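**Q** One structure coming up, written as structure tokens, with questions to follow.
The values are calculated or read from the model by the stated rules, or taken from the named source; none is laboratory data. A quick note: this is a predicted structure, and the numbers were derived from the prediction, not measured. For neighbour counting, all protein chains shown are included, and Cβ atoms are generated from backbone atoms with ideal geometry for every residue, glycine included.
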Amino acid sequence: MTLKKLNFRIPQAKAAALDSIAANRQCALSSVINEAVDQYLSLYEYHCALIDEGIRACDAGDVIDHSEVVKMVAGWSCDAKARSTADGKSLRL
């Protein structure tokens, strides 16, 4: 694999956090940064795939009508302090 050297600026607090991670893991800072970039690229690809899937579904007409969504949402409770579990028991948040 061919490597390319990059120079970039980040806030000092982020650099310190990355240095701390590298020290805790006893590895090179570049390894930590490469792992972070790999995870970011993977997540980005996943999000792009979900967007493409949504566009394909929309193009195929596989969508829920807005009025149906409004009806579903109207039935939702706005009380975030207590919710019911599947067996009907109250769940405190």
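**Q** Please count how many residues of region 37-58 are of a type in the set (Ser, Thr, Tyr) and over 12 Å from the mean Cα position of the chain (by Cα).
**A** Number satisfying all stated conditions: 0.
**Q** Taking only pairs six or more apart or across chains, which ones have beta-carbon atoms under 6 Å, a first residue in region 27-55 that is exposed (fewer than 12 other Cβ atoms within 10 Å of the Cβ) and of a type in the set (Asp, Glu), and a second residue that is at pLDDT below 95 and assigned to a helix (DSSP H, G or I)?
**A** Final answer for the pair search is none.
**Q** Ok, one more. Only helices (runs of 4 or more DSSP H) wholly contained in the chain count here; list those with 2 or more residues that are modelled with pLDDT of 95 or more and hydrophobic (A, V, I, L, M, F, W, C).
**A** Of the helices (runs of 4 or more DSSP H) lying wholly inside the chain, those with at least 2 residues that are modelled with pLDDT of 95 or more and hydrophobic (A, V, I, L, M, F, W, C) span 12-25, 29-59.
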